[in-house]
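Undergrad: My questions all concern the structure below.
Read the figures in this text as sums done on the coordinates, not as results from a lab. Everything numeric here is computed off the predicted structure, so don't read it as measured data. Please note: Cβ atoms are built from the backbone with ideal geometry, for glycine as well, and neighbour counts cover all protein chains shown.
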Amino acid sequence: MVLADCRITRFQFARDRVVGDSQVRIDAVHVAALELIADDGQAGLGFIQALFHPLPAQDEIARVFEEEAWPRLAAQPAMALIHRVDRARGGNQRPYSLPFQEAIQVALWDLAAKQARLPLHRFLGSRRKRVRAYASGLDYHLSDSEFDTFFAHAAAIGYRAFKMKVGHPDFERDLFRLKLLAGQLRSGAQIMIDANEAWGAKEAAIKLAAIRGAGHDLLWVEDPILRSDFEGLRMLREAVPWTLINSGEYLDGAGKRQLMLAGGADILNVHGHVTDVMRIGWLAAELGIPVALGNTFLEFGVHMACALPEVEWLEYSFQNYDHLVEEPIEIRDGWIYAPDRPGHGLVLSESARRAWARPDVLSRDQLGAPPVNQRVSLELKGGDNTAI
C-alpha cells in the first residue's frame, strides 16, 4: 500500500470571534485540507494552515505541493515515511515554500494508523482514552463583557481549568481581567496565564509576585519571556516557586531539547507535528519533564496526549473549525476523548467541501458570516479592548 495520489481543498472563512494575544490579532481562518491517498483508496487527512495571511489559490497550492513535497512521497508506503529520519545538508536544509510539514506528518500518521486498523492514539502506544482539557480564551482582543461571557460559558459547561492572555502594556488591565475570571469560577478551579513573551525576566518575576499578592494562585505561566532566554527562564523558575513555567511553544525540536537541558521549563509545551511531538515527548519523559499539548487543529493532539506519559492537559480554544469534519473529537465535562475510529478519526466533510471550499483568494470583506461553532452557545463578535 503506497501513496498514489493527493488532493488539496482550500478553505477561507471568518472566525466567530477575534482571537489573539499581546503580539497578534486574527479574525479569519486560512486553511487547506491535504488528503494523501493510497493505492488501496484509503486517505490520510492533514491541514495546511496559515495564521495571518490567506493561502494562495488552490491551484497554486497544489502546484507548489506537487513540485516540492510530492516527489518525496509518491509511491512510498505511509508506514515507512512516518519513521524516516532525514539528515538535511547544505541547500537541502530549507523549509517548504508553503506550510506543508505539519499537514504531511498528520496525514501520514492518519493513513498509517488506518492501514494498521488502529486509532492513532493506540498506534502511538496510548494507555488511556482521555485527558483533561482546559478552556483557553485567546481572549486578548475581547472586550471585558465578551471576556466575562466567554469564561462564564466555559465554566457552566464543565471546565475546571482556564487560561487567559496577559501582557497588556497596562498591567492593571491584566489584574482586572484576572479578577473578572476568578469571579466566574467555582471552588477548586485552576487558572493559567499566557504572556506570549511580553515580559523580560525580572519584569516577569515582579508581575507574577504582584499577581500572587492580589490573591490569584496560578497553575502555570506560559511563555513569560523570550523563548531563547534559557538562563532567564531557569532563573524565573527559581524566583517564583509557587507557580510553574510552561515554555517551549515557539521552539523547534532542537530548541526544546536545549530548553529542557538548560532547566528552563517546568512543563514543556508542544503542538501538532506528530513525529516531532513524539520524539521530543520521549526525551521529556526521559528527563522527567511533564508535557502539555497546546492548540492542535481540530484537537487531533489528543492522540499524542493520550500516548505520552505525564500529559495532564490539552488546550481547547473554542475555534469554529468543527464544520470541516463529519464528526469532531468529543469534549465533555472538561475532558477530551480520543476517538476509537481508525486513524485520527477526523474525516473531511463533503458538505463542507461543497459549502465552504474557496478555490480562489477572497478579501476579508468577502468572507461573509462565520460558520457557527456548535459547542458555543454565545455571541462573541470580538472588538477593541475595553478600558478599565
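Undergrad: Could you list the chymotrypsin sites (Phe, Trp or Tyr not before Pro) in the range 76-159 that lie in coil according to DSSP, counting only those with at most 15 other Cβ atoms within 10 Å of their Cβ?
TA: Details: sites: Tyr96, Phe100, Trp109, Phe123, Tyr134, Tyr140, Phe147, Phe150, Phe151, Tyr159; in loops: Tyr96, Phe100, Tyr140, Tyr159.
Sites meeting the loop and neighbour criteria: Tyr96.
Undergrad: While we're here: DSSP beta bridges in the range 122-337, what fraction antiparallel, as a percent rounded to 5? Please report the intermediate quantities before stating the final value.
TA: Values: 5 of 28 bridges.
DSSP beta bridges in the range 122-337 are roughly 20 percent antiparallel.
Undergrad: Only Lys, Arg, Asp and Glu count, each charged at its Cβ (+1, +1, -1, -1), so figure out the dipole size of the chain about its Cα centre, rounded to 20 debye. Please report the intermediate quantities before stating the final value.
TA: Details: 43 positive and 51 negative charges, 156 e Å.
Value, rounded to 20: 760 debye.
Undergrad: Could you check which residue among Gly345, Gly215, Gly253 shows the biggest mean-square fluctuation in a GNM of the chain with a 10 Å Cα cutoff?
TA: Fluctuation is largest for Gly215.
Undergrad: Which residue, Trp220, Trp313, Trp70, has the most motion in a Gaussian network model of the chain that connects Cα atoms within less than 10 Å?
TA: Residue with maximal mean-square fluctuation among Trp220, Trp313, Trp70: Trp70.
Undergrad: DSSP loop trypsin sites (Lys or Arg not before Pro) in the range 171-237 with at most 12 other Cβ atoms within 10 Å of their Cβ, which ones? If you can, show how the numbers build up before the last one.
TA: Numbers: sites: Arg173, Arg177, Lys179, Arg186, Lys202, Lys207, Arg212, Arg227, Arg234, Arg237; in loops: Arg186, Arg227.
Qualifying residues, ordered by number: Arg186.
Undergrad: Can you give the Rg to Rh ratio of the range 58-188, both from alpha-carbon atoms, with Rh computed by the Kirkwood formula?
TA: Numbers: Rg = 22.2 Å, Rh = 19.3 Å.
For the range 58-188, the value is 1.15.
Undergrad: Under a GNM of the chain (C-alpha, springs under 10 Å), which listed residue has the highest mean-square fluctuation: Ala254, Ala74, Ala209?
TA: Ala254
Undergrad: Moving on to the next point. Within a 10 angstrom radius of the beta carbon, how do Met192, Met79 rank from fewest other beta carbons to most?
TA: Met79, Met192
Undergrad: Also: Write out the trypsin sites (Lys or Arg not before Pro) in the range 94-161 meeting two conditions: DSSP loop, and at most 14 other Cβ atoms within 10 Å of their Cβ. Walk me through the intermediate numbers first.
TA: Details: sites: Lys114, Arg117, Arg122, Arg127, Arg128, Lys129, Arg130, Arg132, Arg160; in loops: Arg117, Arg127, Arg128, Lys129, Arg160.
Counting only loop positions with at most 14 other Cβ atoms within 10 Å, the trypsin sites (Lys or Arg not before Pro) in the range 94-161 are Arg117, Arg127, Arg128.
Undergrad: Moving on to the next point. Take the alpha carbon atoms of the range 196-325, find their radius of gyration, then divide it by 2.2 N^0.38 Å using N residues; give the quotient. Could the numbers behind the result be given before it?
TA: Numbers: Rg = 15.0 Å, N = 130, 2.2 N^0.38 = 14.0 Å.
It is 1.08.
Undergrad: Which net charge results for the neighbourhood of Trp199, defined as the other residues with beta-carbon distances under 10 angstrom from its beta-carbon, given Lys and Arg at +1 and Asp and Glu at -1?
TA: Working: positive: Lys202, Lys207; negative: Glu197, Glu203, Asp223.
Every neighbour counted, the sum reads -1.
Undergrad: Any idea how far apart Asp39 and Arg84 come out in nm if each label point goes 7 Å out from Cα toward Cβ?
TA: Each label point is offset 7 Å from its Cα along the Cβ direction, giving 1.6 nm.
Undergrad: For the chain, report the translational diffusion coefficient in µm²/s to the nearest whole number, using Stokes-Einstein at 25 °C, 0.890 mPa s, and a Kirkwood Rh over Cα pairs.
TA: Details: Rh = 21.7 Å.
Calculated translational D: 113 µm²/s.
Undergrad: Moving on. Given N residues in the range 135-267, what is Rg(Cα) / (2.2 N^0.38 Å)? Can you show the working numbers first?
TA: Values: Rg = 14.7 Å, N = 133, 2.2 N^0.38 = 14.1 Å.
Ratio of Cα Rg to 2.2 N^0.38 Å: 1.04.
Undergrad: Once you have the alpha carbon radius of gyration of the range 123-211, what is it after dividing by 2.2 N^0.38 Å, with N set to its residue count? Before the final figure, lay out the partial values.
TA: Details: Rg = 15.0 Å, N = 89, 2.2 N^0.38 = 12.1 Å.
So the Cα radius of gyration is 1.24 times the expected 2.2 N^0.38 Å.
Undergrad: Among all stretches of the chain without exposed GluC sites (Glu not before Pro) (DSSP loop, at most 15 other Cβ atoms within 10 Å), which one is longest?
TA: Segment 1-309 is the longest.
Undergrad: For n ≥ 4 DSSP H runs only, could you compute -39500 (n - 2.57) per run for the chain, divide by its residues and tell me the 222 nm figure to the nearest 500?
TA: On the way: 13 runs with 122 residues, N = 388.
Per the formula, -9000 deg cm²/dmol.
Undergrad: Could you list the residues of the range 228-246 with an amide nitrogen less than 15 Å from a label point located 7 Å from the Cα of Ala262 in the Cα-to-C-beta direction?
TA: Flagged as within label range: 228-238, 246.
Undergrad: Setting aside same-chain residues fewer than 8 positions from Lys129, which lysines have a Cα under 28 Å from its Cα?
TA: Lys114, Lys163, Lys256
Undergrad: Could you give the dipole magnitude of the range 122-337 about its Cα centre, charging the beta-carbon of Lys and Arg +1 and that of Asp and Glu -1, in debye to the nearest 20?
TA: Details: 23 positive and 30 negative charges, 137 e Å.
Taking the Cα centre of the range 122-337 as origin, the dipole is about 660 debye.
Undergrad: Here is a follow-up. With +1 assigned to the C-beta of every Lys and Arg and -1 to the C-beta of every Asp and Glu, and no other charges, what is the dipole magnitude of the range 249-337 about the Cα centre in debye, to the nearest 20? Walk me through the intermediate numbers first.
TA: Working: 4 positive and 14 negative charges, 78 e Å.
I would put it at about 380 debye.
Undergrad: For every other residue with a beta carbon closer than 14 angstrom to the beta carbon of Ala38, add +1 if it is Lys or Arg and -1 if Asp or Glu, then tell me the sum.
TA: Working: positive: Arg7, Lys114, Arg117; negative: Asp5, Glu35, Asp39, Asp40, Asp110.
That works out to -2.
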